[in-house]
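Okay, so here's the structure we're looking at.
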Amino acid sequence: MKFNEWLMSMRSNNRYDRLFVVENIPDDVDEEILVPILLELLHDSDSLIRTCVAELLENYPRNDVINGLKSMIEIENDNLAKSYAIASLGYIAKIEDIPFLMKILNDKNDMYIHMHANFAIFLCIHNYTIENLTNSLISIFNSDSDMKETIVNIIKHLYELVDSKKSIIVQSLTNYSALKNNTISVSDTIQLALKELQKSE
C-alpha cells in the first residue's frame, strides 16, 4: 500500500480501515512523518485502535512520544488502552518520568493498571541502570582507574540480586497453577511462563 492510500485509510470513518492502518504501516514512511500520525491516533474514538497504537509506540523512544503517552494516560478512560500506554511508556521513559509513574501506582486505579504501572517503573529503572552501568564500565576500562574490579563486582551483585528473586516468582506461579478456578487458558499461560523461567536458569 502506498503512503497516500494508507493515510486516506487512517482518516476513514470506518474503524476497520483505521485498525488496518495501525497493523500495516508502510516500510518506507519516514519516522518524522509517521510518529505525529500515530500520536494523533492515540486520541481515536475507538479504544481498540488507541490500545494498538499505544503498544506500537514503545518502538519510538522520543520525547514527543513520551509526552504523547503521558497525555493520553491522564485522560484515558479505557483500562486496557491505558494499561498498554503505561507499559509502552515504561519501555521508553526517562528516569525523570518516575514520579509520573509513581502517581499512577499510588492512585486508586484498577488492578490491571496498577500491575502495568509496576511493570513500567521496573522497566524504566532497569533501562536507566543498565545504560549507566554500561557507560561506567566502558569509561573505567578505557582508563587507568583502579576501580575496575569494584565495577565488575557491582554488576555481578546486581545480576545475582535479580536472579535470586526468580525463585519467588516461580514459587508464586506454581502456587497459582494449583488453583481450581483457573481456566484452561490461564493454566496453560502459567505453565508456559514456568517453562520459560526454568529454561533461563
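Observations
- Conditions (1) of a type outside the set (S, T, N, Q); (2) under 26 Å from Tyr16 (Cβ atoms); (3) surrounded by 14 or more Cβ atoms within 10 Å (Cβ to Cβ); (4) in contact (Cβ under 8 Å) with a residue 24 or more places away in the chain; number of the one not met by Asp28: (3)
- Identity of the residue in segment 132-163, outside any helix (DSSP H, G or I) and either of a type in the set (A, V, I, L, M, F, W, C) or in contact with a helix residue (DSSP H, G or I) (Cβ under 9 Å, 6 or more places away or on another chain) (or both), that ends up surrounded by the most Cβ atoms within 10 Å (Cβ to Cβ): Met147
- Meets criteria (over 30 Å from Asn67 (Cβ atoms) and surrounded by 14 or more Cβ atoms within 10 Å (Cβ to Cβ)) for Ser177: yes
- For segment 1-25, the set of residues classified as farther than 20 Å from His43 by Cβ and either exposed (fewer than 14 other Cβ atoms within 10 Å of the Cβ) or under 27 Å from the mean Cα position of the chain (by Cα) (or both) consists of Met1, Lys2, Asn4, Glu5, Asn24, listed by residue number.
- Criterion: surrounded by 16 or more Cβ atoms within 10 Å (Cβ to Cβ), closer than 19 Å to Ala93 by Cα and more than 15 Å from the chain's Cα centre (by Cα) - qualifying residue of Leu69, Leu42, Leu56: Leu42
- Taken over segment 1-25, the criterion of being among the basic types (Lys, Arg) and free of Cβ contacts under 8 Å to residues at least 12 places away in the same chain is satisfied by Arg11 alone.
Every number here is computed from the coordinates shown, using simple stated rules; none is lab data. Please read these numbers as outputs of a predicted model, since none were measured by experiment. Here Cβ is always computed from backbone atoms with ideal geometry, including for glycine, and neighbour counts include all displayed protein chains.
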